[in-house]
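Working notes, structure below.
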Amino acid sequence: MSANPLFDLTGKVAVVTGANTGIGQGIAIALAGAGADVVLVGRSAMDDTRSQLQGFGTRVHEIRADLSSTAPLAGIVDEAVSKLGGVDILVNNAGIIRRADAVDYTEADWDAVIDTNLKSLFFLSQAAGRHMLAKGAGKIINIASLLSFQGGIRIPAYTASKSGVAGLTRLLACEWAAKGVNVNAIAPGYFVTNNTEALRADADRNAAILGRIPAGRWGKPGDIGGAAVFLASQASDYVDGVVLPVDGGWLAR
Ligand code: NAP
C-alpha cells in the first residue's frame, strides 16, 4: 500500500507482459509495491518475478502466452477477469529487437519485430480497452523507446515498431481519454537487460552510449518503476497520450 493515496494501487489488477525479466519485471515489482495485484504474462516461466513479489501481500497470477501472434490476446484479458476480477492497468512491455544493416534486413526479421512489438500491442490494448471502456476506467502503459523519437542504426523494424507505438499511444488516448481510459507510454533510455546485451558487449558502442547519457550510467529495471506507478495511478488521471522518457537525460543532450 502506497503511503500517498494519489499513487495507491490497492485493489487494482495490473496485467504486465514480458514480466519474467528486465523492464517488465521491474514494472511488475513497482506496481505490486504500490498495492496492485499483478498478472504476469509471457512465454517464459515467471519464477524469479514471483519470488520477488513475495512479501507484498498482493495476488499474483501467471499466464503463459506467446505474444508473437494475436491468438492468445483476448484470452489473456478474459483469464485476468475470471481469475482476479478485472483489468485496471495494462502494461504492454513485451518486445524484441533484431539487428542488421538496413540493406540486409530480412522480411522474416521485419515481420517478427512488428508482430510482437506493434501488432500484438495494439490488439491486446483493444481487448483490454473493450473491458476498460465498459467500466469507464483504465490505464494503459505502452513501453516505447528512444527509437520512438530517433532513428538509430541497424534496427529498422524496431525503430518502425517503436515509432508506431508512440503514434498508437496518441491515437488511443484521443479516442479513449474522455471515456475514462488513460493511454500513455514510457520511453526507456539505455537499460541493462537482455535486449541490450549485444550493445554492452561491444566496447566501442558501450563507451559511446555511456558518454552521451547525462546521468553517467545505464538504467536499471528498478529505475522505470516510478514512472509506471505514476501512469497507473490516479496521479495521472489528466495525463493522456504522452511518451515519457526515462533515459537519464539522453534526449536532453
Ligand atoms: P528483455 O529482457 O529482452 O525483455 C523482453 C521481454 O519481452 C521478455 O520478458 C521476453 O520474454 C518478452 N517477449 C519477447 N517476445 C515475446 C513473445 N513472443 N511472447 C511473450 N513475451 C515475449 O528486454 P527489456 O529491455 O526488458 O525489454 C522490455 C521492453 O522494453 C521491450 O519492449 C523493449 O523494446 C523495451 N525497451 C528496452 C530498452 C533497453 O534499453 N533495455 C530501451 C527501450 C525500450 P522472454 O524472456 O521469454 O524472451
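Annotation note: Cβ proximity below 7 Å between a residue of the stretch 221-245 that is assigned to a loop (DSSP other than H, G, I, E, B) and a residue that is among the aromatic types (Phe, Trp, Tyr) (sequence gap 6+ or interchain) occurs for SER233/PHE7.
Check GLY226, GLY248, GLY189 and return the single one that is at pLDDT 95 or above, under 23 Å from VAL113 (Cβ atoms) and among the small types (Gly, Ala, Ser). Lay out the reasoning, then the answer.
Numbers: GLY226 fails: under 23 Å from VAL113 (Cβ atoms); GLY248 fails: under 23 Å from VAL113 (Cβ atoms).
The unique qualifying residue is GLY189.
Can you find, within the stretch 178-198, the residue that is nearest to PHE149 (Cα to Cα) among those that are away from the ligand (no atom under 13 Å from the Cβ) and either in contact with a Lys or Arg (Cβ under 9 Å, 6 or more places away or on another chain) or of a type outside the set (A, V, I, L, M) (or both)? Talk me through it step by step, then tell me what you get.
Residues of the stretch 178-198 that are away from the ligand (no atom under 13 Å from the Cβ), as a first pass: 178-184.
From the residues that got through so far, the ones that are either in contact with a Lys or Arg (Cβ under 9 Å, 6 or more places away or on another chain) or of a type outside the set (A, V, I, L, M) (or both) too are 179-184.
Details: LYS179: 28, GLY180: 27, VAL181: 24, ASN182: 21, VAL183: 18, ASN184: 15 Å.
My answer is ASN184.
Residues are listed down the side, and each one gets a yes or a no for (1) within 16 Å of the ligand (Cβ to nearest atom); (2) on the phi > 0 side of the Ramachandran plot; (3) in contact (Cβ under 8 Å) with a residue 24 or more places away in the chain:
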site: LEU6; (1), (2), (3): no, no, yes
site: VAL13; (1), (2), (3): no, no, yes
site: VAL16; (1), (2), (3): yes, no, yes
site: ALA19; (1), (2), (3): yes, no, yes
site: GLY22; (1), (2), (3): yes, yes, yes
site: ILE29; (1), (2), (3): yes, no, yes
site: GLY35; (1), (2), (3): no, yes, yes
site: VAL39; (1), (2), (3): yes, no, yes
site: ARG43; (1), (2), (3): yes, no, yes
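Kindly evaluate ALA80 against the criterion of being more than 19 Å from ILE23 (Cβ to Cβ), of a type outside the set (Val, Ile, Thr) and open to solvent by less than 40 Å² (accessible area, probe 1.4 Å). The answer is yes for ALA80.
Out of the stretch 1-11, which residues are modelled with pLDDT of 95 or more and either surrounded by fewer than 16 Cβ atoms within 10 Å (Cβ to Cβ) or out of contact with any Leu (no Cβ under 8 Å at 6 or more places or on another chain) (or both)?
Residues of the stretch 1-11 modelled with pLDDT of 95 or more: 6-11.
Scanning the stretch 1-11 gives LEU6, PHE7, ASP8, THR10, GLY11.
Matching residues to (1) over 18 Å from ILE76 (Cα atoms); (2) within 12 Å of the ligand (Cβ to nearest atom); (3) not aromatic (Phe, Trp, Tyr):
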{"site": "ALA127", "(1), (2), (3)": "no, no, yes"}
{"site": "ALA144", "(1), (2), (3)": "yes, yes, yes"}
{"site": "PHE149", "(1), (2), (3)": "yes, yes, no"}
{"site": "PRO156", "(1), (2), (3)": "yes, no, yes"}
{"site": "VAL165", "(1), (2), (3)": "yes, yes, yes"}
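Scanning the stretch 99-118 for residues that are within 11 Å of the ligand (Cβ to nearest atom), open to solvent by 20 Å² or more (accessible area, probe 1.4 Å) and over 14 Å from the mean Cα position of the chain (by Cα) turns up ALA112, ASP115. All conditions but one from (1) open to solvent by less than 50 Å² (accessible area, probe 1.4 Å); (2) more than 14 Å from the ligand (Cβ to nearest atom) apply to ASP237; the one that does not is (1).
The set of residues in the stretch 199-220 being away from the ligand (no atom under 11 Å from the Cβ) and either buried (at least 20 other Cβ atoms within 10 Å of the Cβ) or in a helix (DSSP H, G or I) (or both) consists of ALA201, ALA203, ASP204, ARG205, ASN206, ALA207, ALA208, LEU210, GLY211, ARG212.
Kindly indicate the residue of the stretch 147-172 that is outside any helix (DSSP H, G or I) and not charged (D, E, K, R) and also surrounded by the fewest Cβ atoms within 10 Å (Cβ to Cβ) among those meeting that condition.
Start the filter on the stretch 147-172 by keeping residues that are outside any helix (DSSP H, G or I), which leaves 149-155.
This time we only want the ones that are not charged (D, E, K, R), so: 149-153, 155.
Values: PHE149: 18, GLN150: 14, GLY151: 9, GLY152: 15, ILE153: 11, ILE155: 21.
Once the filter is applied, the top-ranked residue is GLY151.
Restricting to the stretch 182-198, what's the tally of residues that are touching an Asp or Glu at 6+ places or on another chain (Cβ under 9 Å) and open to solvent by less than 20 Å² (accessible area, probe 1.4 Å)? Counting residues in the stretch 182-198 that are touching an Asp or Glu at 6+ places or on another chain (Cβ under 9 Å) and open to solvent by less than 20 Å² (accessible area, probe 1.4 Å) gives 7.
The values are calculated or read from the model by the stated rules, or taken from the named source; none is laboratory data. It should be emphasised that the depicted structure is a prediction, and the values quoted were computed from it without experimental measurement. We place every Cβ from the backbone using ideal geometry, glycine too, and count neighbours over all the protein chains shown. For accessibility, only protein heavy atoms count, side chains too; no ligands or nucleic acids. Shrake-Rupley method; radii C 1.70, N 1.55, O 1.52, S 1.80 Å.
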